[in-house]
Amino acid sequence: MAPEPLHITSPRAALNPAADPFDSGFLQALVGGEVRLSPKQALALHREMPLIELGRWADARCRALHGDSIRTYVIDRNINYTNVCTAKCTFCAFRRDEEDDDAYVLEQSEIHAKIRELVDIGGTQILMQGGMHPGLPLDWYEDLLGSIRQAFPDLHIHAFSPPEMVEFVHFFNPPGESFEAKVRWVLTRLQQWGLHSLPGGGGEIFADAVRRKIGLGKCDAESWLTVMRVAHELGMNTSATMMFGHIEGIADRIHHMDLVRTWQDRSIDDFSTNGGGRYMAFISWPFQRENTPLGRAKHWGDGPGDDLSQPFPGDVVATLDGTGSKGDHPEFGRRVRMAGASEYLRTQAISRLYLDNIWSIGASWVTMGPHIGQVALAFGASDMGSVMMEENVVSAAGTTYCLSEEVICHLIRDAGFLPAQRDNAYDLLRVHDAPTSPDLAVDDWSKLRTSKLHVQRAAAAPAPGATVELGWEQAQEGCKGP
Ligand code: SF4
């Protein structure tokens with residue numbers, strides 16, 4: 001199938017900020033793509049609309065874009081080429097310092113072996129991200145990309161999230177008068193060596209007050225968004241992510257989505273007529289706390305003096321324009337408000353309704369579990385994400401869910417849809433409507449339930465010729481959080 005170049009081609013809808021967002025006529029227009037949510041309207045829906053009703057509207061919007069039958073997944077492999085990282089994100093259980101005993105950098109041969117295993121089972125892309133390793137030169141990345149392209153010419157290389165790109169600029173000191181020019185220089189080089197698209201890791205929450213608290217040593221929102229804009233200019237597609245359910249307020253989530261929508265508009269306006277790329281997907285997930293410094297913060301309500309009749313500190317600080325200040329509440333950053341299943345579904349539903357210029361909303365079952373992921377298909381998600389053979393970052397923070405292709409197809413079908421494997425551009429590769437479909441051909445499900453997570457360890461690299469026990473995992477985009 002020839003790629004549909006824009007995926008969402010209708011003229012941009014207008015805002016109607018004076019409209020009542022709970023009015024059914026307004027919501028029908030929203031579903032039809034005739035009007036946009038304003039930040040205030042989105043905040044009101046997030047706070048006040050009953051969950052199931054919100055899900056119904058998000059589902060209607062999803063069906064208007066994607067139809068009633070097919071929901072997708074991709075087969076790829078998350079390769080974390082190093083766990084050495086200059087940043088110290090407080091939500092991260094994955095990073096190591098260079099001198100730590102379990103710090104690692106994968107050899108090219110190890111990466112190739114992983115890709116071979118992926119290709120052998122029908123995988124089409126790798127999602128390759130690392131920590132931000134100050135000791136790896138540009139040559140290392142170029143050699144790696146070139147070797148992959150030579151050995152696996154049909155493989156899609158989805159790699160290096162914006163925080164890595166920002167650090168590449170610091171590490172490599174490329175020519176250029178501005179940050180944007182330097183990013184363009186690095187990205188152009190990597191693209192020439194085989195890089196196809198950028199994952200949206202490291203988005204977290206864009207608001208400065210939150211970002212400074214949780215993303216120590218990681219780029220700010222402006223830099224993150226600029227990297228993606230340059231990627232779009234160079235014709236690369238990207239994705240956007242959000243990690244919520246920690247110290248942020250609800251308005252921070254809306255502000256985050258608003259920045260994604262605004263910068264997507266700009267990329268479409270500026271680059272879509274000359275082969276430019278864009279954000280193809282938005283994936284959001286709740287923070288996983290195990291083994292992380294941020295996870296040691298108390299729940300709001302558990303700390304001395306916490307008064308649950310008062311607003312959560314993050315909500316006091318959060319503003320819809322992202323200008324909130326940490327000084328606005330003494331406990332800001334010291335209390336977390338974890339997101340459970342209903343909060344996850346609510347946030348995802350808002351993202352479907354808000355991001356009218358983004359094609360796909362990904363279900364985030366790796367953190368919530370496969371059955372919540374399945375329900376997410378009724379809350380605006382059109383894609384079940386990746387059937388993956390490896391995931392290291394989420395598992396480091398305690399997540400252990402893993403799914404095979406058979407199970408992911410079963411979950412999609414069981415939710416009432418036809419499963420279809422897609423590629424990175426969201427074009428359909430195989431629609432599973434025959435008895436030979438991965439799930440329909442299974443006669444013994446017990447074998448598929450024993451899959452385990454595989455966690456990368458330097459010492460665990462298989463000896464040449466050794467049998468590798470494969471775990472099937474799914475993870476969200478980005479080492480920066482899941
Ligand atoms: S989340 Fe990514 S950027 Fe942040 S410390 Fe961990 S590995 Fe480094």
The aspartates and glutamates whose Cα lies under 12 Å from the Cα of K298, excluding any fewer than 8 residues away in the same chain, are D306, E331
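Quote the Stokes-Einstein diffusion coefficient, in whole µm² s⁻¹, for region 195-245, based on the Kirkwood radius over alpha carbon pairs, a temperature of 4 °C and a viscosity of 1.567 mPa s. The partial results should precede the final answer.
On the way: Rh = 11.5 Å.
Translational D for this selection: 112 µm²/s.
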Among L136, A19, L54, the residue whose Cα sits farthest towards the positive end of the charge dipole of the chain, when +1 is placed on the Cβ of each Lys and Arg and -1 on the Cβ of each Asp and Glu, is A19
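Kindly identify region 336-375 as rounded, prolate or oblate by the Cα gyration tensor criterion: order the square roots of the eigenvalues as a ≥ b ≥ c, call it rounded if a/c is under 1.5, otherwise compare a/b with b/c, prolate if a/b is larger, else oblate. Can you show the working numbers first?
On the way: a/c = 2.48, a/b = 1.42, b/c = 1.74.
In terms of gyration-tensor shape, oblate.
Restricting to Cα pairs below 8 Å that are 6+ residues apart, what does the relative contact order work out to for region 38-460? Please round to a whole percent.
22
Going by how many other beta carbons lie within 10 Å of each one, how would you line up V105, V84, fewest first?
Working: V105 17, V84 21.
Least to most surrounded, the residues fall as V105, V84.
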All alpha-carbon distances of region 119-213, grouped into 5 Å bins from 0, give the whole-percent distribution 2, 12, 21, 23, 19, 12, 7, 3, 1, 0
For K447, counting only aspartates and glutamates whose alpha-carbon sits under 18 Å away and dropping same-chain residues fewer than eight positions off, the answer is E405, E406, D439, E469, E473
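Can you order the peptides 165-172, 89-96 by their average number of other Cβ atoms within 10 Å per residue, highest first? Intermediate results must be reported in sequence, preceding the final value.
Numbers: 165-172: 20.2, 89-96: 21.8.
Highest-to-lowest ranking by the protection proxy: 89-96, 165-172.
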About its Cα centre, region 44-150 carries a charge dipole, from +1 on Lys and Arg Cβ atoms and -1 on Asp and Glu Cβ atoms, whose size in debye to the nearest 20 is 760
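Any chance you could list the semi-axes, whole Å, largest first, of the equivalent ellipsoid that the Cα gyration tensor gives for region 273-385, using √(5λ)? Let's see the in-between values first.
On the way: eigenvalues 183, 72, 32 Å².
Equivalent ellipsoid semi-axes, largest first: 30, 19, 13 Å.
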The aspartates and glutamates whose Cα lies under 18 Å from the Cα of K40, excluding any fewer than 8 residues away in the same chain, are D20, D23, E48, E248, D252, D258, D315, D321, D356
Taking max minus min of the Cα coordinates of the chain on each principal axis, largest first, gives extents in Å of 63, 53, 48
The rounded separation in angstrom of the Cα centers of region 82-134 and region 241-267 is 27
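In what sequence do K447, K326 fall when counting other Cβ within 10 Å, fewest first?
Values: K447 11, K326 16.
Going from sparsest to densest Cβ surroundings: K447, K326.
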If R0 = 35 Å, then D427 and F179, at their Cβ-Cβ distance, give a FRET efficiency to the nearest 0.05 of 0.55
Sorting H196, A151, F179 by the position of each Cα along the dipole of region 102-218 (Lys, Arg +1; Asp, Glu -1; all at Cβ), the one nearest the positive end of that ordering is F179
When the charge dipole of the chain is computed with +1 at the Cβ of Lys and Arg and -1 at the Cβ of Asp and Glu, the Cα pointing farthest to the positive end, of A251, V74, A93, is that of A251
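Would you calculate the convex hull of the Cα atoms in region 228-305 and tell me its volume per residue in Å³?
Details: hull volume 8.0 nm³, N = 78.
Measuring per residue, one finds 103 Å³ for the Cα hull of region 228-305.
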Given unit charges at Cβ for Lys, Arg (+) and Asp, Glu (-), the dipole magnitude of the chain about its Cα centre in debye, nearest 20, is 580
antiparallel share of DSSP beta bridges within the chain, to nearest 5, in %, is 15
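Based only on other Cβ atoms within 10 Å, what is the fewest-to-most ordering of L418, L65? Could you put the intermediate results ahead of the total?
Details: L418 17, L65 20.
Least to most surrounded, the residues fall as L418, L65.
Where a number appears in this text, it was derived from the coordinates with a stated rule and is not lab data. Everything numeric here is computed off the predicted structure, so don't read it as measured data. As a convention, Cβ positions derive from the backbone with ideal geometry for all residues, glycine included, and neighbour counts pool all protein chains shown.
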